[in-house]
Structures are given as C-alpha cells and as structure tokens.
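A.B. asks: Shown below is the structure under consideration.
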Amino acid sequence: MDTQIELGQFQRWMSAAIMHLGTDNQAVKSDEVEKEIPWSDALKFIKPSKTLTQIERLGLYRSMYILRLVDVLKMDFPSIAYFLGDDYRDFVERYLQVYPSRSYNLNNLSYDVPNFIKTAPNIRRREFLYELASLELMLSHIFNLEETPVLTKEAIAKVSPEVWETAKIVPIKAFHLFDFNHNVNDYLEAVQNDEKPPKIKKKDTWVAVYRRNYKLWRLPLSRDAYNMLSDIVAGKSLSDAIVNAIEKSREPQEVLQKQVFKWFQEWVTEGFFQKIET
Amino acid sequence: MSKNRWNFPDLGFGIGLRTVHYPTILSDNPPIDWFEIISENYLDTKGRPIYILDQIAEKYPIVMHGVSMSIGSTDPLDIPYLKKLKELANHIRAVWVSDHLCWSGVAGTNIHDLLPMVYNQESLKYTISRVRQVSEILERPLILENPSAYIEFTNSDITEWDFLATLAKEADCGILLDVNNIYVSSFNHDFDPKEYVDAIPSDRIVQYHLAGHTNNGTHIIDTHSDYVIDPVWQLYERSCKRTEGRSTLVEWDDDIPEFEVVHAEVLKAKAYRKQPEVIEVAEVAEVAVVGV
C-alpha cells in the first residue's frame with residue numbers, strides 16, 4: 001500500500017479528532033472525523049493501555065490541544081479574555097474552528113482574532129471588542145518588528161530652518177496610530193494593571209502604539225495631535241501637517257501653535273521618528 | 001564508551017532558555033555551560049526576542065530545539081521554515097539543531113503538539129527520506145528527540161527504540177535522548193525503559209534531556225513542571241555508562257522556578273556522569289561549522 005495514503009489518512013483522522021469540538025465521544029463519531037476513518041475502525045488501530053481506554057488516550061491529546069491554544073491566545077489578548085470571562089474558552093474553541101493554526105509559529109495564531117470578532121455570530125459588544133482586539137494584536141505585531149534608529153534632538157538641531165517647510169519626518173517601523181470609537185485604551189490599561197476596567201462607553205479616542213528600547217508603549221493623543229501625526233505618518237511634509245491640523249482644529253490658532261511645539265518635543269523624546277527627509 | 005559520530009562537543013550542563021530568566025542571565029552572567037532555545041520563538045521576529053538572544057549567544061553556546069518541523073507528517077516539508085531555521089542557526093552559531101520524532105499537523109493545519117507516529121517499515125522508510133532532505137537543507141545533521149507519548153497503535157510493528165536506532169543509522173541523524181520521555185512513555189505504554197535506553201546506539205546520542213512530569217495515576221503527562229525524579233536519574237546514569245559525557249539539559253516549562261533552582265537541578269547530573277571538558281564559546285562555534 002502507498003505509505004502516503006495510509007499515513008495521511010491516519011493523520012487526517014487523528015488531527016480532525018483532536019480539533020473537533022464537543023466531547024471526545026461526539027468528536028470521534030462526528031461526520032467530519034468519521035469521513036476519514038469510522039470510529040469502529042479507528043478502535044481497531046488504537047491500543048488501550050492498562051488503565052485507559054482508546055478514547056481516553058485520544059482525549060488526552062484533545063484536552064491538551066485546546067488548553068495550550070487557550071493559554072497562547074490569552075497571552076496576546078489578556079483584555080479580551082478578561083472581558084469574556086467564563087465565555088473565553090468557548091470563544092477560543094469557536095475561533096479555532098474557523099481559523100485553525102496554519103503556521104509553525106504560534107505567534108501567527110492570533111492574526112485573525114479581530115476578523116473573527118467582526119464576523120462571528122453572538123459576539124457581545126462587538127464593536128468595542130473588535131477595537132480592543134485590534135489594539136492587542138497590534139501590540140504583538142509591533143513587539144516583533146525591526147528596531148530602527150531614533151531621530152535625536154541633536155540631528156533635528158542640525159536641520160537648517162529653510163528646509164523645514166518641505167521636510168518629511170519618517171516614523172520608526174514599530175509605530176502605529178489608532179482612531180477608536182470606544183475607550184479601549186483605558187480598558188486595556190486597567191486590565192494590565194490588575195485594576196477594575198472602566199465602564200465600556202462610546203468615546204472617540206486616539207492612541208499611538210510604539211516600541212522604544214524593545215519595550216511597548218501606548219500614548220493617548222488629542223484629536224488635533226492625532227490629525228497632525230497621521231499626516232506625518234502618511235508622508236506629508238511637516239508644514240502641511242501643521243497647516244492641516246490648524247485648519248481641522250476647534251482650538252484658536254495661537255493655542256494650537258503652542259501645542260504643536262509641545263507635541264513635537266514629546267514625540268521626539270518618545271522616539272516616534274527615525275529620520276528627516278529633506 | 002564512545003564519542004558521538006560527529007564529534008559534537010560535550011557542552012556540559014545547560015537549561016532551556018526561558019523569558020522569565022532573561023533578567024538574571026543578562027545582569028548576572030551566571031556560570032552555566034550552555035542554553036537551548038525553542039527555535040520557533042526566535043523566527044519571524046526582529047524585536048526583543050532576537051535582541052536578547054544575540055546578547056546571550058555572545059556569552060554562551062546555544063543549541064536550537066524546534067517543535068514544528070513535523071518530520072513525520074505526510075504534508076510536504078515546509079521549506080521556507082527550514083530555510084529560516086538554517087538562517088537562525090548560522091546567525092547565532094548554533095552548535096546543533098534538533099527537533100522531535102513526531103508529526104504536529106496535516107493538511108496544512110498545525111496542532112502544536114508532538115503527535116505520536118506509527119512505527120512500521122513504511123513510516124520508517126518515509127521518515128528516513130524526510131530526515132535526509134532536512135539535513136541537506138539545513139546543511140548539518142538533524143538531531144531528533146524521542147517524544148513522550150500517550151497513545152500507541154496496533155499497526156506499529158517496530159518498537160520506538162528500534163525505529164529511532166534504525167532511523168538514526170539509515171538517515172545519518174543524531175539522537176537527543178530524552179530520558180524523562182522514555183520513562184513517561186514506558187509508564188503509559190507499559191514497557192521496560194531500561195530496554196529502550198540500552199537499545200539506543202551510543203555514538204548517535206548527541207544530547208540528553210531531563211525534566212519533571214506529572215503522574216496522574218492512570219497516566220503520566222510530560223509537563224516539564226517539576227524536579228527530575230529518581231527513576232529518571234537512574235535511567236540517565238544507565239545511559240551515561242555507555243556514552244562518554246554528552247551535553248545534558250533540564251527542561252522546565254510550567255511553574256518555572258528561579259534560574260538558580262533550574263540550574264541546580266541540571267547540576268545534579270554531575271553525580272551521574274563524567275565531567276565535561278571546558279570549552280570556550282569560540283571553539284564551540286568552530287565545531288558547529290565543521291560538524292556536518
């Protein structure tokens with residue numbers, strides 16, 4: 001017999017039996033698993049031990065599978081797990097049915113969690129949860145990005161004044177801006193600090209997520225600061241970004257001009273930028 | 001007594017590198033002989049994991065130990081993954097690269113477990129061919145570890161130890177002998193662990209693993225969550241009588257205690273085997289390059 005077919009059939013059966021939802025009995029007798037090998041036949045090629053039946057031995061792999069992946073996803077989504085509480089395991093089981101791991105790297109398992117939240121049935125506070133998952137996923141993503149050199153105050157001082165009008169400022173690679181409709185950053189902050197999270201509410205919020213010296217940070221932004229920073233990230237010149245921010249702002253121009261200077265200082269100190277392109 | 005056939009060095013007594021120990025390792029430079037990393041934790045990242053690893057690899061010999069090669073799977077080998085493994089091995093001058101005698105997924109999915117293989121002539125022939133391909137891609141001999149198992153199959157007509165011994169010979173690969181796994185499987189499958197230990201060709205053994213486990217009465221799970229128990233030390237001692245010093249490592253992955261506790265656990269192995277020679281990091285790197 002062809003080894004590929006024999007081994008392949010056995011492996012597809014075992015894989016399907018491990019990943020199937022429900023009790024061990026429900027799994028091995030499900031259509032999806034029995035289409036590979038009927039349980040009556042599978043019983044013939046699994047040996048019972050002195051203390052465990054065939055299905056109990058298979059059940060060890062089934063329970064370890066879900067426990068492992070529940071733990072892995074909890075590391076990437078601690079506040080999603082907090083929010084869902086007792087429903088978290090059920091959420092992970094449903095997620096794995098739609099998005100089973102297809103990578104050698106467990107880091108990639110979390111990639112579709114926001115998509116799942118967006119489309120799966122029976123998700124409580126879907127919009128809030130989607131934003132929360134997007135924030136947590138981005139933190140994991142930024143954790144693994146390349147470290148880029150940071151623009152220093154000394155380098156900025158060397159740029160001649162006439163160049164600033166057209167200068168573009170390039171952010172570091174490990175940087176992302178968020179524009180949320182809920183208080184997700186406050187919620188995550190509380191969960192990370194082992195505090196009771198605030199009541200979930202609809203609220204426009206803006207956050208910069210970044211890594212400095214290999215540590216992850218989040219900086220809440222005002223609407224005006226977000227507008228200016230998002231223009232810079234989009235590749236607009238610094239002067240265009242400032243003009244746009246002033247035009248969009250509800251603040252008086254002179255107030256905003258002072259704020260722009262403060263923001264820029266803070267962003268440089270926080271290491272948001274890597275270089276100035278003139 | 002015999003050397004391993006590739007003259008891989010005896011690195012002494014190491015532990016698995018785990019993130020909770022990073023601060024201690026980086027600040028104290030503890031006098032430990034070597035570290036083993038979980039390879040996949042350092043692939044696809046240019047962030048903190050590789051930044052930390054680079055610093056540690058400057059000071060200590062590093063061995064790579066993977067969990068996702070899925071050498072026994074009927075899916076095609078994941079060539080991009082293997083190339084990344086090779087790149088990482090070259091980057092950190094890994095002394096050798098190991099994985100497990102198992103499969104971890106099929107039809108494109110990954111269960112992220114070390115799933116048990118069927119041991120028969122067909123799977124042996126298939127696995128030999130796969131190991132040879134992997135060794136060619138990695139440009140170094142693959143070292144394979146015997147896994148713990150909780151299930152076995154009636155269509156296995158070769159013992160695991162005979163399968164592993166024949167595979168090592170025919171595919172020219174090394175063996176990472178996990179003595180705890182032998183104990184765990186012997187309990188779960190009711191065989192004599194001494195027979196297993198005695199059947200492994202000593203010149204193929206490159207490294208030993210030791211670990212604690214969880215005995216549930218009806219079965220044992222390889223949890224890496226406790227101290228090594230005496231019967232496992234005795235198996236280690238038995239194997240060491242046949243192999244001169246081989247690099248020895250304690251794995252601790254759950255309820256991980258402080259660095260000093262895990263280090264002290266592996267140092268207990270000194271009582272059961274010959275002392276290693278002192279080898280500098282630079283010398284180890286040289287051996288790794290020519291060790292194919």
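The values are calculated or read from the model by the stated rules, or taken from the named source; none is laboratory data. Note that the coordinates shown come from a computational prediction; the quantities given were computed from them, not determined experimentally. Cβ: placed from backbone, ideal geometry, glycine included. Neighbour counts: every protein chain shown.
A.B. asks: Can you find even one residue in region A:45-52 that is under 23 Å from A:W13 (Cα atoms), within 14 Å of chain B (Cβ to nearest Cβ), touching a residue at least 40 places away in the same chain (Cβ under 8 Å) and in a loop (DSSP other than H, G, I, E, B)? Let's see the steps before the verdict.
C.D. replies: Filtering region A:45-52 down to residues under 23 Å from A:W13 (Cα atoms) leaves A:45-49, A:52.
This time we only want the ones that are within 14 Å of chain B (Cβ to nearest Cβ), so: A:45-49, A:52.
If we keep only those that are touching a residue at least 40 places away in the same chain (Cβ under 8 Å) too, we end up with none.
Looking through region A:45-52, none of the residues is under 23 Å from A:W13 (Cα atoms), within 14 Å of chain B (Cβ to nearest Cβ), touching a residue at least 40 places away in the same chain (Cβ under 8 Å) and in a loop (DSSP other than H, G, I, E, B).
A.B. asks: For region A:180-197, does any single residue satisfy the condition of being within 14 Å of chain B (Cβ to nearest Cβ), within 27 Å of A:V150 (Cβ to Cβ) and not in a strand (DSSP E or B)? Break it down into steps so the answer makes sense when it comes.
C.D. replies: Residues of region A:180-197 that are within 14 Å of chain B (Cβ to nearest Cβ), as a first pass: none.
No, every residue in region A:180-197 fails to be within 14 Å of chain B (Cβ to nearest Cβ), within 27 Å of A:V150 (Cβ to Cβ) and not in a strand (DSSP E or B).
A.B. asks: Moving on to the next point. I'd like to know if region A:9-28 contains one or more residues that are at pLDDT below 95, within 11 Å of another protein chain (Cβ to nearest Cβ) and surrounded by fewer than 21 Cβ atoms within 10 Å (Cβ to Cβ).
C.D. replies: Yes, some residue in region A:9-28 is at pLDDT below 95, within 11 Å of another protein chain (Cβ to nearest Cβ) and surrounded by fewer than 21 Cβ atoms within 10 Å (Cβ to Cβ).
A.B. asks: Another question, if that's okay. Could you give me the residue pairs with C-beta distances under 6 Å whose first residue belongs to region B:187-199 and is within 14 Å of chain A (Cβ to nearest Cβ), whose second residue is exposed (fewer than 14 other Cβ atoms within 10 Å of the Cβ) wherever it lies, and which are 6+ apart or on separate chains?
C.D. replies: Hits for this filter: B:D190/A:K50.
A.B. asks: Shifting gears a bit: Tell me, yes or no, whether region B:102-119 has at least one residue that is farther than 30 Å from A:I55 by Cα, modelled with pLDDT of 95 or more, within 14 Å of another protein chain (Cβ to nearest Cβ) and surrounded by 18 or more Cβ atoms within 10 Å (Cβ to Cβ).
C.D. replies: The answer is no, given that none of the residues of region B:102-119 is farther than 30 Å from A:I55 by Cα, modelled with pLDDT of 95 or more, within 14 Å of another protein chain (Cβ to nearest Cβ) and surrounded by 18 or more Cβ atoms within 10 Å (Cβ to Cβ).
A.B. asks: Applying the selection to region A:71-90, what residues are within 18 Å of A:N107 (Cα to Cα) and buried (at least 17 other Cβ atoms within 10 Å of the Cβ)? Step through it out loud before you land on a result.
C.D. replies: Let us first name the residues in region A:71-90 that are within 18 Å of A:N107 (Cα to Cα), namely A:71-81.
Within region A:71-90, A:V72, A:L73, A:D76, A:F77, A:S79, A:I80, A:A81 meet the criteria.
A.B. asks: Scan region A:142-165 for residues that are touching a Ser or Thr at 6+ places or on another chain (Cβ under 9 Å) and assigned to a helix (DSSP H, G or I) and jot them down. Outline the logic, then answer.
C.D. replies: Step one: of region A:142-165, the residues touching a Ser or Thr at 6+ places or on another chain (Cβ under 9 Å) are A:143-145, A:153, A:159-160, A:163-165.
Hits for region A:142-165 are A:F143, A:K153, A:V163.
A.B. asks: Among the residues of region B:179-199, which ones are of a type outside the set (F, W, Y) and touching a Phe, Trp or Tyr at 6+ places or on another chain (Cβ under 6 Å)? Spell out the reasoning first.
C.D. replies: Of all residues in region B:179-199, those of a type outside the set (F, W, Y) come to B:179-182, B:184-186, B:188-190, B:192-195, B:197-199.
Answer for region B:179-199, where residues must be of a type outside the set (F, W, Y) and touching a Phe, Trp or Tyr at 6+ places or on another chain (Cβ under 6 Å): B:V179, B:I182, B:N188, B:P193, B:A199.
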